[in-house]
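A.B. asks: So that we are looking at the same thing, I have put the structure below in C-alpha cells.
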Amino acid sequence: KTATWTPSAEGTYQVKLVISFGAKEVASKTIDYVVEKKTTLSDLLKELKIYPQILINVKVTDKVAAMEDARVLAEAEAVEKELGDTGRLLLRSSGTENLVRVMVEAETDELCKTMANRIVDKLELYRK
C-alpha cells in the first residue's frame, strides 16, 4: 500500500502507485501526501503527461503457448526497451477467454499503433 512520487532528472514526477485498497483510502493517502509535502495537488500534477493508449485484443487458439512464445516475449522486451521511460507495454492473457491483450501507451497515437502491432504480428501463429 504505497504511493511513491519521485522527481526525475527533468524535474517531472514519476508516480508509482500500488493499489491494494479502496478508492476512499487512495483519496485519503493522496491528501495526506499533499499535506505532508505542504503543496497542492495541482502543483504535483503540473508536469503530468497523459499519453495516448491503444488496446488490441487478439483472439488466439492457445493463450498459454502464445504468452510463452520466445518470439512474442523477445518482441515485447524490445518494445519495452524502445519505449523506455516514455511509454509502457502491458501484455497479458485474459482470465476468461482465449485472448491476449496488448496495451501500449506512448507519446503519439502512431507510436502506440506501431509498437502494439509489432506484438500482434508475433501472435499471428496463434490467431483464431
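A.B. asks: In whole Å, largest first, what are the principal axis extents of the Cα atoms in region 43-102?
C.D. replies: 47, 24, 14
A.B. asks: For residue 53 and residue 29, FRET efficiency with R0 = 25 Å and r from the beta-carbon atoms, rounded to 0.05?
C.D. replies: E(calc), rounded to 0.05, equals 0.50.
A.B. asks: Can you give the FRET efficiency for residue 108 and residue 46, using 1/(1 + (r/R0)^6), R0 = 22 Å, r = Cβ-Cβ distance, to the nearest 0.05?
C.D. replies: Calculated value: 0.50.
A.B. asks: Which pairs, out of 46/113; 49/81; 59/113; 46/81; 29/49; 63/122, put more than 25 Å between their alpha-carbon atoms?
C.D. replies: 46/113; 46/81
All of the numbers you see were taken from the coordinates with simple rules; none came from a lab. This structure is a prediction, so every number in the text was calculated from the model and none was measured. Positions of Cβ are generated from backbone atoms using ideal geometry, with glycine treated the same way; all protein chains shown enter the neighbour counts.
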